[in-house]
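Engineer: Got a structure for you, written out below as structure tokens; questions coming shortly.
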Amino acid sequence: MYGLGSNDAKASAAAMTAAFVRVATDADALNVRVMLAFTAEEETRCEGSEILVAALGAVGLTPSAVIVGEPTGLDVSIAQKGLLVLELVAKGDACHAAHGRALGARNAIHALARDLVALEQVDLGGDHPSLGPVTAEPTVVQAGTARNMVPGEARCVIDVRVNPSPPPGAIAARIAAAIEGEVRVLSDRLIPCEIDADHPLVKAALTARPSAKVLGTRGVSDLVFWSRAAPGIKVGPGRTERSHTPDEYVLESEILDGVAFYEATLRALAAAGPLHRGRTSTEQ
């Protein structure tokens, strides 16, 4: 099946729906309550899940375990990086370009360039066992208003993919100490999350698919908010490399494998007995 979103994440939605119907027919015999949730805006701010998690908690429907559908090739993601969005702001002296050198004007672009070079040398913390290093990538640069003017200000957005440690505030402070300009925090709401590899949910998933890898993922998903409610994993049919590509696709066989995986995981989890929620890295 070809089409934007077929792999990310309509394949997971389709597989989860089929598995939900199969399990729901004998949920009473399994002695579990199974809930299927479709949420909007995961590609932007994850506000659909953020709102729904709070609404469910308000009426006493907080889950014991959560599976978030994303294209992982049915490998099991037990950890996910968080997202810290920073803005570096460098100041200069605005003036006519013809007179900048004679006036000794500070060019904000030069200042920002020095800060970006300094950013590469900042210690952002050690590697996480499954998530690897914290990364900081400049993504959007803005400076200048006219060809013949020395800019008085230059800005750059920095996409920082953070691990459970060090905390986002400490990372921002380290960057601020290493540069000349100002560091502004644009967003720190998407925090990292992880659960123990020996959690019953992970064991149930591996029972359903013994060949699955257990890993961490760099991309942010709705797991960030569901993990605040209950321990969760991210797993689904398809491959993340296909997402957002012109010829995005998913195989029928991958969806059918996803159906079997989700159903088997739910049944294995139900057979394991009542879950006792453990502390996760998203809790303060």
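The values are calculated or read from the model by the stated rules, or taken from the named source; none is laboratory data. These numbers come from a predicted model, not from an experiment. Here Cβ is always computed from backbone atoms with ideal geometry, including for glycine, and neighbour counts include all displayed protein chains.
Engineer: Being surrounded by 18 or more Cβ atoms within 10 Å (Cβ to Cβ), at pLDDT 95 or above and not aliphatic (A, V, I, L, M) is the filter here; which residues of the range 1-19 pass it?
Structural biologist: Listed by number, the list holds a single entry, Ser12.
Engineer: So, one more: Listed residues Val140, Val160; which is in a strand (DSSP E or B), of a type in the set (A, V, I, L, M, F, W, C) and buried (at least 16 other Cβ atoms within 10 Å of the Cβ)?
Structural biologist: Just a single option satisfies the conditions, and that option is Val160.
Engineer: Report those helices (runs of 4 or more DSSP H) wholly inside the range 198-284 carrying at least 3 residues which are at pLDDT 95 or above and among the small types (Gly, Ala, Ser).
Structural biologist: Of the helices (runs of 4 or more DSSP H) lying wholly inside the range 198-284, those with at least 3 residues that are at pLDDT 95 or above and among the small types (Gly, Ala, Ser) span 200-208, 252-271.
Engineer: When the residues of the range 223-251 are filtered to those that are closer than 16 Å to Asp8 by Cβ and surrounded by 24 or more Cβ atoms within 10 Å (Cβ to Cβ), which remaining residue is farthest from the chain's Cα centre (by Cα)?
Structural biologist: Val250
Engineer: Same structure again: Do you know which residues across the range 38-72 are part of a loop (DSSP other than H, G, I, E, B), crowded, with 16+ Cβ neighbours inside 10 Å and not acidic (Asp, Glu)?
Structural biologist: The answer is Thr39, Cys46, Pro63, Ser64, Ala65, Gly69, Pro71, Thr72.
Engineer: State which residue is farthest from the chain's Cα centre (by Cα) when the search covers only the range 148-197 and only residues that are at pLDDT below 95 and among the acidic types (Asp, Glu).
Structural biologist: Selected residue: Asp196.
Engineer: Of the residues Ala113, Ala118, only one is aliphatic (A, V, I, L, M), touching a residue at least 12 places away in the same chain (Cβ under 8 Å) and in a helix (DSSP H, G or I); which?
Structural biologist: After ruling out the rest, the residue left standing is Ala118.
Engineer: Separate question: What do you reckon, is Arg22 surrounded by fewer than 17 Cβ atoms within 10 Å (Cβ to Cβ), among the charged types (D, E, K, R) and assigned to a helix (DSSP H, G or I)?
Structural biologist: yes
Engineer: Still on this model: Please verify whether the range 211-222 includes one or more residues that are without any contact (Cβ under 8 Å) to a residue 12 or more places away in the chain and not assigned by TED's automatic domain parsing to the domain that holds Ala98.
Structural biologist: yes
Engineer: Six or more apart or on different chains, Cβ under 8 Å: which pairs go from a residue in the range 17-37 that's assigned by TED's automatic domain parsing to the domain that holds Val66 to one that's of a type in the set (Lys, Arg)? Could you list them?
Structural biologist: Note: pairs meeting the criteria are Val23/Arg267; Ala27/Arg33; Leu30/Arg267.
Engineer: Can you work out which of the residues in the range 194-222 that are of a type outside the set (Gly, Ala, Ser) and closer than 30 Å to Asp115 by Cα is surrounded by the fewest Cβ atoms within 10 Å (Cβ to Cβ)?
Structural biologist: Residue satisfying both the conditions and the ranking: Arg218.
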